[in-house]
1. Given an 8 Å cut-off on Cα distances and at least 6 residues of separation, report the relative contact order of the chain as a percent.
2. Taking the Cα atoms only, what angle lies between the long axis of helix 306-323 and the longest principal axis of the chain, rounded to 10 degrees?
3. Could you derive backbone 3J(HN,Hα) for region 335-340 from the dihedral phi with the Karplus parameters 6.51, -1.76 and 1.60 (θ = phi - 60°), listing whole Hz in sequence and x where the residue is Gly or Pro?
4. Lys and Arg at +1, Asp and Glu at -1: add these up for the other residues within a Cβ distance under 12 Å of A320 and post the number.
5. Let me check I've understood the local charge: for E305, count other residues with C-beta under 10 angstrom from its C-beta, Lys and Arg +1, Asp and Glu -1. What total comes out?
6. Among A315, A209, A154, which one shows the highest mean-square fluctuation when the chain is modelled as a Gaussian network with alpha-carbon springs under 10 Å?
7. Report the antiparallel proportion of the DSSP beta bridges in the chain as a percent, rounded to a multiple of 5.
8. In deg cm²/dmol, rounded to 500, what helix-only [θ] at 222 nm does the chain give when every DSSP H run of at least 4 residues adds -39500 (n - 2.57) and the total is split over its residues?
Amino acid sequence: MNTHVTIIGAGLGGLTLARVLHVHGIPSTVYEAEASPTARAQGGLLDIHESNGQPALEAAGLIEEFRGLVLEGHQATRVLAPDGTVLLDEPDDGTGGRPEVQRGELRRMLLDSLPAGTVRWGHKVTDVRPLGGGKHEVTFADGTTTGTDLLVGADGAWSRVRPLVSAAVPEYIGRSFVETWLFDGDDRHPATAAAVGGGSLLTLAPGKAIQAHRESGGTLHAYVVLSKPRDWFAEIDFSDAAASAARIAAEFEGWAPELTALITDADVPPVLRPLHALPAGHRWDRVPGVTLLGDAAHLSAPSGEGANLAMYDGAELGRALAAHPGDVETALAEYERALFPRSAAEAEDAVRMHDILFGDATPQSLLDFFAAAKSA
Ligand SMILES: Cc1cc2nc3c(=O)[nH]c(=O)nc-3n(C[C@H](O)[C@H](O)[C@H](O)COP(=O)(O)OP(=O)(O)OC[C@H]3O[C@@H](n4cnc5c(N)ncnc54)[C@H](O)[C@@H]3O)c2cc1C
């Protein structure tokens, strides 16, 4: 007999798990805080990797559908100096192995692949408590409850399920992103669109950076990076779009105007994204009837892997549960045995990548990284 699986969170990780379980005939319910699939914009482009995101989609039986979502030509990479000089310009020759898709379209594909009613929208979990024997009770914001024999926390950075297995809390990593968008880049912001090119742009200096992607329809989506304490950002009023953009842009004085336009000419107010991480190597002792995946298990500095890893965790957990019908504890132990070293190695890589991108030796450290990857 397969145990019904209760998944908290309809992000990419939770949905991949639900889909892989469905492929194996195992029923699940996903409880999601957001009111509907369209309650929130789903963010920009994700590159889906050959080592983790793509195998997860294979396990979900969705790799062909995924290929239909890929935006051709978006794997191009440009590195510019702050004065706009081109330091590296790699076109997308189709061999990158990291195809780009819109996150919202990937999520929509996963949602459409599940039986109707699998996801219960508008179910924000406020409490979870053990009932003994691997059973748990989940309480929602409206006061209703549900009982589970197998609970999976796929509820992201600020997981409500995590405290059942671990006392760890994410900490600020000393760096934040400020997110901006310019629409119709080619027509309305041609110099900036040319600087971004067909895929990604990176302009780096120690402790600061402007990163941007070209998205569908010529949208230019930027992450402006500043290594500053939380207090520094707290003094900026992000509800005042013009003033906050001007304050952030002031940190990039002397940079080429086509680059700073990603801050000053944004079409929507800049959004602050403080970055947090769990301690590298976060793990827990086996607790009957519950586990975690994705950011809930191993939130780390963003390095382009988090969504890929969440999907991979979901696929691996689904595979382990299918391999051990009626023996949840063996399945969870097997899943976690591989999860912990995998996540620890990825968290260390993420820290290393942040040092390459934003440390004292940038941008040369990034150019050396690309050169080494090419000759490997
Ligand atoms: C600025 C930024 C840029 C990034 N860029 C990339 C990138 O380019 N590539 C990449 O691979 N990764 C990237 N990441 C990381 C990636 O976004 C995450 O690692 C990934 O989304 C984790 O997936 P998840 O399913 O574990 O959690 P999430 O995507 O966070 O999903 C969790 C879900 O749980 C729901 N939820 C939360 N709390 C509750 C509750 N109490 N009750 C019910 N539901 C709840 C949420 O609404 C959400 O739908 C980036 C992260 C940041 C911050």
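Each value in this text was obtained by applying a stated rule to the coordinates, not by laboratory testing. Please read all numbers here as calculations on a predicted model, not as lab measurements. A quick note on method: Cβ atoms are made from the backbone with ideal geometry, for glycine too, and the neighbour counts reach across all protein chains shown.
1. About 22 percent, as a whole number.
2. 20
3. These are the phi-based 3J(HN,Hα) values: 4, 6, 4, 8, 4, 5 Hz.
4. The answer is -4.
5. With Lys, Arg at +1 and Asp, Glu at -1, the neighbours total -3.
6. A209
7. Taking every DSSP beta bridge with both residues in the chain, the antiparallel ones total about 75 percent.
8. Result for the chain, helices only: -10500 deg cm²/dmol.
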